[in-house]
Amino acid sequence: MVVSRDKTPTAQETFVQMAQAAGLRGRLLLTVGLLILVRLGIYIPLPGIDRAAFAANIQGNTALSFVDLFAGGGLRTLGIFALGILPFINASIILQLLTAAIPALEDLQKNEGEAGRRKISQITRYVAGGWAVVQSLMLTIGLLRPFASDWGPLFITETVLALTAGSMFVMWVGELITERGIGNGASLLIFLNIVSTLPRSLGQTFELAQSGDRNVVGGVVILLLVFLAMVVGIVFVQEGTRRIPIISARRQVGRRTYLEKSSYLPLRLNQGGVMPIIFASTVLTLPALVAQAFQNASISQFISTYLGPNSWQHSVLYLILILFFSYFYASLVVQPDEMSKNLKKMGASIPGIRPGKATTEYIERVLNRLTFLGAIFLGIVAIVPTFVETATRVPTFQGFGATSLLILVGVAIDTAKQIQTYVISQRYEGMVKQ
């Protein structure tokens with residue numbers, strides 16, 4: 001097959017490389033095998049618990065339904081992977097915030113290179129382990145006590161150990177997919193868990209549509225059209241970039257003067273990808289989980305009234321959190337000062353902008369505008385379908401459809417790009433062999 005070495009791989013070339021290239025095929029098979037293993041783990045039950053009664057009890061609970069969404073149904077079935085990747089996500093949030101607040105961690109991330117990033121990853125694992133123990137205790141003491149056949153210290157110890165070990169195993173699988181699979185391990189695990197809940201949600205929607213009520217059928221059609229529009233918008237925003245033109249200085253070689261080709265500096269409209277909305281959604285579930293664990297009626301009533309998915313307070317707080325995490329991730333991913341220094345070292349500059357501090361300020365200004373637009377779009381995607389569900393009375397995803405949709409589309413795009421990267425690397429390996 002003839003391919004262009006200067007263009008993005010076509011779909012045909014990508015599928016051929018996935019089937020024929022040993023390296024890429026091995027990564028794909030490893031990824032698929034590990035994902036299947038994680039799915040099987042949620043069906044290994046915790047001992048000594050009435051699972052049917054527990055599943056009926058959490059039916060309709062917004063916070064626990066969201067946790068169950070990230071666990072791929074593991075919470076409902078009370079498998080050993082009931083916590084899933086959630087403790088690791090919470091630990092990542094904590095470490096990202098601490099990195100911005102503690103100079104030692106910030107120095108590790110920015111100045112220590114690969115060794116510093118490995119150190120931060122190791123700290124994240126420890127925090128994830130501690131947080132898994134805390135969440136396991138909250139789940140065991142606050143939720144499982146009425147459904148335990150033999151409540152006592154031995155039951156608590158066994159259940160906490162099983163849940164913590166399961167969460168750590170899922171975290172290890174995610175890192176293994178990132179290192180030896182096709183990448184984006186944690187995101188792929190969340191993707192898999194959300195996809196696994198879609199058949200049940202879509203089945204409920206089709207049952208509503210088959211009821212014969214014209215209002216319900218119309219609501220389902222409107223909801224589907226809104227979700228299709230959201231998919232198109234997500235793709236455009238995820239792929240959207242601002243290309244800042246760059247010109248290079250003239251290069252003297254002997255008696256000849258060469259002018260470098262003009263290039264550009266790409267800045268993505270949504271630097272954080274799906275992580276801001278994942279982090280914002282996770283933070284919003286924490287108060288409800290704490291109230292559920294302590295079984296406080298007044299706190300539970302306050303949270304359900306003012307932080308429920310259908311309340312305007314929830315929507316405003318959701319927007320604020322998405323905006324915060326979008327700017328936070330943009331500040332971690334893009335370093336305008338480093339970009340300015342690198343351009344100066346290469347003898348390149350932005351037309352009309354002086355090198356040095358002026359270039360840094362210009363990049364910061366452009367990045368802030370892009371991040372704001374991207375965050376507003378994320379907020380719209382997260383909130384509008386929820387209002388449409390409320391207006392049409394078709395609760396397809398119980399208020400979390402937009403979050404699920406954004407994660408699914410975003411992870412799919414990132415994974416496709418990762419596979420294309422491996423295809424391009426295989427292409428250049430072929431050039432070396434020739």
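For this structure, a couple of remarks:
- Each of D337, D414, D150 was scored by other Cβ atoms within 10 Å of its Cβ. Listed from fewest to most, they are D150, D337, D414.
- Note on region 67-113: Cα convex hull, mean projected area over all directions, 4.1 nm².
- Alpha carbon Rg of region 65-179, scaled by the compact-globule rule 2.2 N^0.38 Å: 1.21
- Local electrostatic count at R117 - Lys and Arg +1, Asp and Glu -1, tallied over other residues with Cβ under 14 Å: -2
- Sorted by Cβ neighbour density within 10 Å, fewest at the top, the residues R268, R117: R117, R268
- Percent RCO, i.e. relative contact order, over region 10-212, from Cα pairs under 8 Å lying at least 6 residues apart: 27 percent
- Exposure proxy order (Cβ contacts within 10 Å, fewest to most) of W131, W172: W172, W131
- Share of pairwise Cα separations in region 10-212, more than 20 Å, in percent: 63 percent
- Stretch gain in nm, segment Q335-N368, where the contour uses 0.36 nm per residue and the Cα spacing is subtracted: 10.7 nm
All of the numbers you see were taken from the coordinates with simple rules; none came from a lab. From a predicted model like this one, the values you see are computed outputs, not experimental measurements. For neighbour counting, all protein chains shown are included, and Cβ atoms are generated from backbone atoms with ideal geometry for every residue, glycine included.
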